[in-house]
Structure formats: structure tokens, C-alpha cells
1. Taking Arg66 and the conditions (1) surrounded by fewer than 18 Cβ atoms within 10 Å (Cβ to Cβ); (2) touching a Leu at 6+ places or on another chain (Cβ under 6 Å); (3) not β-branched (Val, Ile, Thr); (4) not in a helix (DSSP H, G or I), which numbered condition does it fall short on, given that it satisfies the others?
2. Are any residues in segment 297-317 open to solvent by less than 60 Å² (accessible area, probe 1.4 Å) and outside any helix (DSSP H, G or I), and if so, which ones?
3. Within segment 69-95, which residues are open to solvent by 20 Å² or more (accessible area, probe 1.4 Å), modelled with pLDDT of 95 or more and in contact with an Asp or Glu (Cβ under 8 Å, 6 or more places away or on another chain)?
4. Determine the pairs where a residue that is free of Cβ contacts under 8 Å to residues at least 60 places away in the same chain, located within segment 270-286, has a partner that is surrounded by 13 or more Cβ atoms within 10 Å (Cβ to Cβ) and not in a helix (DSSP H, G or I) with Cβ atoms under 9 Å apart, the partner being 6 or more residues away or on another chain.
5. What number goes with the only condition from (1) outside any strand (DSSP E or B); (2) out of contact with any Pro (no Cβ under 6 Å at 6 or more places or on another chain) that Ile240 does not pass?
6. Please work out if Ser102 is of a type in the set (S, T, N, Q), under 21 Å from Lys16 (Cα atoms) and either over 36 Å from the mean Cα position of the chain (by Cα) or open to solvent by less than 90 Å² (accessible area, probe 1.4 Å) (or both).
7. Just the residues that are surrounded by 15 or more Cβ atoms within 10 Å (Cβ to Cβ), among the polar types (S, T, N, Q) and farther than 14 Å from Ile171 by Cα, please, taken from segment 183-213.
8. Any residue that is in a helix (DSSP H, G or I), within 28 Å of Pro186 (Cβ to Cβ) and not small (Gly, Ala, Ser) - is there at least one of those in segment 50-58?
Amino acid sequence: MAEQLINLDEFWRLRKQLPILDARSEGEFAQSHIPGSYNLPILNNKERIVVGTLYKEKGAESATLRGFELVGPRFHEIQKEAIRLFPERKIIVYCWRGGMRSQILSWLLSMVGFEIYRLKGGYKTYRTFTFEEVRKDRNLIVLGGKTGTAKTILLQKLKERGEQILDLEGIANHKGSSFGGIGLPPQPTVEQFENLLAENLSSLDPSIPTWVENESRKIGRLIVPDRLFEQMGNCLLVDIQKPLAERIRHIAAEYAQLPEEELIAGVKRIQKRLGGLRTQQAIEAIQEKNHELWISNLLIYYDKTYEFDLTRHEAGKTKIIDLSGNSIAEQVELLLKIKNQHHGN
């Protein structure tokens, strides 16, 4: 069957129905890719280097001939793997610029009955979209509060109430603190983080308020894009207040069951900021399973960090709300009331 070239608008429609196949090398795919796509390289990492070097030294014809020499013997393997993965034989294909690699893969698979939709401009076109999407103007409300005020739970409860949310920590696979990556999958690359972020943002109406949890510029090793971070500092921030004991209970419920050695490693990662004595006290408390002690010890540092972080927020745009003693449902209602008052609903 003949292939059909599609633009990005057509891609958004078809991706809901069809699997997506990335023809780039496994290294390029690991660096970043269209979320949800599969990888079936035409040239693997080593072959890509060989062909790329030859292209620079001797030109396109020599590189093309060498490329076919390398990949030709495994054409049948590529076809068999695609049939195994996609028995319906109807897919979207892309490579870096929508050029030779996706053309070859399209040709190969059409020879065994595949219906192919090839993305014009390839991954580069998609990346242009994601780069621009994460830098658009947004109508945000930042959910703030010191560590342990259950911001993530409240964010999810707001979503259940039909509110638009942006879960940066969920997208980043990291909860933001020195302990934030424990028990979670590896973080995406910086570029893939932007892709995932853009996919989330593109599903939201920019004119309607979107709740987002207050974050530092860095979430683990990832960085929130400049324009989005700037907007988070200029919008309404709801600063949740809860008593220390309630916050400690919440943190203990989330972290106390984690492996002791990983908790100790988390303490050591911020040793320079904690100081030697407090670090040692926290480690001993973890070993003794005195969760209240090590958590309260670390909160001295994290509370100071949060107070400093508040200073970057635009003056006059912080709303303090005391949610101590309220049920989660009651807390959500109070947050919605603030949103409605602020936006005149």
C-alpha cells in the first residue's frame, strides 16, 4: 500500500487511533521522542555514526550506499518485528526530519501490506510545537505551602472536581525534595520532559485557570521552562497553612515506609545545608525509626527554603489560607472559593 504524508494537524487526529513508530536510532529515541511511540531503528547507534561520518567526508551518495549495505541484511528482521508489534498493519511513521529513514521504513513496511502515514517534517516538526507550547501564556493559580501541607493530594482532588491541573512533579517523576525520587521511575531527559509537559498543556484551555503546585526552578535534575516558571511567579499563589504536627504526620505517612538506606542517602544529599550535627541527628533518628524527630529536623531547612522561595513571588498576589483541622473535601471547597473570588465567578 502507498504511504500518505500527513502534517502535524492530521497527526494529532490520527494518533488517537494509530500506533506511532520512530525510525531513528535507539540513542536518539532514548534522548527524546513523541510520547507513546515505539522505536524500530533503520540505522542503529553505531551504523548512524558510520553513515554520518561518511556523509561528511565523501558526500550523500557514498553515505547512502553504505547505509543500505549496513541495514539491507536485516530488512526482513525489521519487517517481522513490525508485523509482531502491529498486527493491524496500520501505523504512523517518523524520523528526525521526515526524510530518508522514515521513507525507507515506510517502503519496507508497505511491501508487507502496511498502511503508512508518514509525518511531514518528522520529529523536528513535533519538537517545534512542544518548544512553543510550553512557552505560551497561561492562566495559572499556584498551590503553595510548606512541605507536608498535602499539596499534591489537593491538586489531584481538584482534578477530580473537574478543575484543570498541571502536575509538574508527576510529569517529572520527582517530588521535588532530596527524597523526591525515591521509589519513582527514572526522570525523563530535559527534552522529553518538555515533550510530556507540552502534551499535558495542549489538552488544557489557556483561558481557564489551571492549578499548579508551587515548585523550585529545579525538580530533581530537571528545569521548569523559563516562561512557565516566570508565569508561576506572577500569578495568584494560595499559601496553605497547617500546624507542624499535622505536616509531620503527613510526611511520615508518605516516607516512613521507604527503605532506610535511601532515606539516609537523601539526608546526605543535603548535608552541606543541614550541617554536620543536624545531619548526624537525622540519620540516627532514621535508624531508630523515630520518624517525628528526623522529619522535624529536616523541616527546619525546608521551611527556611520555602520562606525564601516566597520572596520571588510577585508582591500582593499571595493569599494565605489556614486549612488546619479541615477534611480534604473541606480544603478543596475553600480553595475553589478562593479561585472563584479571584476570577470573579
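The values are calculated or read from the model by the stated rules, or taken from the named source; none is laboratory data. All values derive from a computational prediction rather than experimental measurement. FYI the Cβ positions are ideal-geometry reconstructions off the backbone, even for glycines, and counts take in every protein chain you see. Accessible surface is based on the protein model in full, side chains and every heavy atom, while ligands, DNA and RNA are left aside. Shrake-Rupley method; radii C 1.70, N 1.55, O 1.52, S 1.80 Å.
1. Unmet for Arg66, out of (1) surrounded by fewer than 18 Cβ atoms within 10 Å (Cβ to Cβ); (2) touching a Leu at 6+ places or on another chain (Cβ under 6 Å); (3) not β-branched (Val, Ile, Thr); (4) not in a helix (DSSP H, G or I): (4).
2. Once the filter is applied, which keeps residues that are open to solvent by less than 60 Å² (accessible area, probe 1.4 Å) and outside any helix (DSSP H, G or I), segment 297-317 yields only His313.
3. Of everything in segment 69-95, those that are open to solvent by 20 Å² or more (accessible area, probe 1.4 Å), modelled with pLDDT of 95 or more and in contact with an Asp or Glu (Cβ under 8 Å, 6 or more places away or on another chain) turn out to be Arg89, Lys90.
4. If the second residue must be surrounded by 13 or more Cβ atoms within 10 Å (Cβ to Cβ) and not in a helix (DSSP H, G or I), the pairs left are Thr279/Ile270; Glu284/Asn290.
5. Ile240 satisfies all of (1) outside any strand (DSSP E or B); (2) out of contact with any Pro (no Cβ under 6 Å at 6 or more places or on another chain) except (1).
6. So Ser102 passes the test.
7. Scanning segment 183-213 gives a single hit, Thr210.
8. no
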